[in-house]
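Undergrad: Sharing a structure here in structure tokens format.
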Amino acid sequence: MIRLSGTKKVMLLCLAIILIIVANRISSVQHLTARIATNLYVSLKYQDLDLEYQNVEFSPQFGDYSVAYKDKDGKVYGFMVTPKSMPVIILHDPLNESP
């Protein structure tokens, strides 16, 4: 097992964070980040609905990502994820229509 000093651990953590931020400038990484964020959200909040991932696409009109899930009855739900540079915030949840 490799032992690292506290300073090296902090440097590695900072390097990892910078690498994640830089990688999220790539479109395919942004799509993957949006998919992972909604997958975590849906699996934690709606595990009883058995939603299945369909697709993810960038919506230039809104500047956000739209991630679609389908339930077992065939109804499709679109979740909006923002911001474009690192899509991790669920902006619109179609299953939670409270204002």
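Undergrad: Can you list the residues of region 62-90 with backbone N under 20 Å from a point 7 Å past the Cα of GLU97, pointing along Cα to Cβ?
TA: Within reach of a label on GLU97: 67-81.
Undergrad: Now, a different point. Mind checking the chain for trypsin sites (Lys or Arg not before Pro) that DSSP puts in a loop (not H, G, I, E or B) and that have at most 12 other Cβ atoms within 10 Å?
TA: Counting only loop positions with at most 12 other Cβ atoms within 10 Å, the trypsin sites (Lys or Arg not before Pro) in the chain are ARG3, ARG25, LYS72, LYS75.
Undergrad: On to the next question. Can you match volume of the Cα convex hull per residue in Å³ to one of these, [x] 88; [y] 153; [z] 117, based on a calculation from the structure here?
TA: For volume of the Cα convex hull per residue in Å³, the calculated option is [y].
Undergrad: A further question follows. Of SER27, VAL10, MET80, which is farthest along the charge dipole of the chain in the positive direction, counting Lys and Arg as +1 and Asp and Glu as -1 at C-beta?
TA: Comparing the listed Cα positions along the dipole, VAL10 ranks first.
Undergrad: Any chance you could give the angle, 0 to 90 degrees and rounded to 10, that helix 27-45 forms with the longest Cα principal axis of the chain?
TA: Around 70 degrees separate the two axes.
Undergrad: Return the distance in nm (one decimal) between the two label points of a simple spin-label model at VAL29 and SER85, each offset 7 Å from Cα along Cα→Cβ.
TA: According to this spin-label approximation, the distance is 1.3 nm.
Undergrad: May I ask which residue of ASN39, HIS92, TYR53 lies farthest towards the positive end of the charge dipole of the chain, with charges of +1 (Lys, Arg) and -1 (Asp, Glu) on Cβ and the Cα centre as origin?
TA: Farthest towards the positive end: ASN39.
Undergrad: Arrange LEU91, LEU51 by Cβ neighbour counts within 10 Å, fewest through most, would you?
TA: Fewest-to-most ranking of LEU91, LEU51: LEU91, LEU51.
Undergrad: Counting only residues 5 or more places away or on other chains, whose amide H sits under 5 Å from the amide H of ASN55 once H atoms are built in the peptide plane?
TA: The answer is ALA68.
Readers should treat all values here as calculations from the given coordinates under stated rules, not as data from a laboratory. All figures in this text were calculated on a predicted structure; none of them were measured in a lab. Positions of Cβ are backbone-derived with ideal geometry, glycine not excepted, and every protein chain shown enters the neighbour counts.
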